[in-house]
Amino acid sequence: MTNTALTIGDDGWVVQAERIASPNFDARPEGMPVDLLVVHNISLPPGQFGGGEIARFFCNRLDHDAHPFFDEIRGVQVSAHFLVCRDGVLQQFVSCDARAWHAGASAFLGRTRCNDFSIGVELEGSDDTPFEAAQYATLAALTRAILARYPIQAIAGHADIAPERKTDPGPCFEWRKFRQMADLPPEMLPFQGTA
Ligand SMILES: [Zn+2]
């Protein structure tokens with residue numbers, strides 16, 4: 001799948017993605033352009049990969065008694081549009097046309113409430129583990145598809161728009177590699193160096 005071009009349907013869902021509908025979304029403000037892509041990392045429990053808990057968390061179906069960390073996030077209702085799993089598999093939870101709940105309190109170059117105008121992509125990972133080649137490939141393909149469909153002006157990390165609260169996608173995320181694989185002009189990454 002990772003070498004295949006991805007397409008976004010008229011409903012805002014990627015045709016080739018595994019569709020796992022989350023109830024954690026609502027409407028974007030009327031007429032709001034979708035012009036920001038936000039890159040995150042997440043793992044549940046933190047630092048452990050592959051258990052399927054992220055999808056359950058985004059669908060409010062996590063067993064909060066199964067792990068001490070899950071108890072800490074009891075009642076939290078969040079989502080992202082996409083999750084790129086360690087093996088490059090792409091899961092989608094919310095239509096790109098709707099507002100997912102991934103950024104929280106945030107500001108992009110002075111514009112607050114980034115959920116209103118952004119698409120959120122989670123990479124299964126952590127701040128201290130390198131991401132997999134398959135994840136970069138899927139993220140690059142997804143980015144190309146999103147750019148072809150939405151008027152994206154910039155791509156930022158969660159830490160760039162919520163620096164007081166967040167560190168993801170973290171120092172292991174190779175922005176330059178991503179930029180090259182997705183064929184992005186450096187100006188689209190305002191928080192990264194141009195080297
Ligand atoms: Zn995040």
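Read the figures in this text as sums done on the coordinates, not as results from a lab. None of these values were measured; they are calculated from a predicted model. Using ideal geometry, Cβ is built from the backbone for each residue, glycine included, and neighbour counts are taken over all protein chains shown.
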From the phi angles alone, apply the Karplus equation (6.51, -1.76, 1.60; θ = phi - 60°) to region 163-178 and give each ³J(HN,Hα) in whole Hz, x where the residue is Gly or Pro. x, 6, 10, 10, 10, 7, x, x, x, 7, 6, 8, 4, 5, 4, 4
In nm, to one decimal, how far is the Phe191 label point from the Arg113 one, both placed 7 Å along Cα→Cβ? 2.1
Give, in nm to one decimal, the length gained when the segment between Lys177 and Asp71 is fully stretched (0.36 nm per residue of separation minus the Cα-Cα distance). 34.5 nm
Value of relative contact order over the chain, rounded to a whole percent, pairs C-alpha under 8 Å and six or more apart: 28
Virtual paramagnetic centre 7 Å along Cα→Cβ of Ala5, amide N under 18 Å, in region 171-195: 181-184
Classify region 115-195 from the C-alpha gyration tensor, please: rounded if a/c falls under 1.5, else prolate or oblate depending on whether a/b exceeds b/c. rounded
Tell me the label-point distance for the pair Ala105, Asp26, using the 7 Å Cα-to-Cβ offset, in nm and rounded to one decimal. 1.8
Note on region 18-188, DSSP bridge orientation, antiparallel percent to nearest 5 equals 35
Let me make sure I get this right: for region 81-127, a, b and c are the square roots of the gyration tensor eigenvalues over alpha carbons, sorted descending. Under 1.5 in a/c it's rounded, otherwise prolate if a/b > b/c, else oblate. Which is it? oblate
In terms of the alpha carbon gyration tensor, root eigenvalues a ≥ b ≥ c, rounded if a/c is under 1.5 and otherwise prolate when a/b exceeds b/c or oblate, the chain is rounded
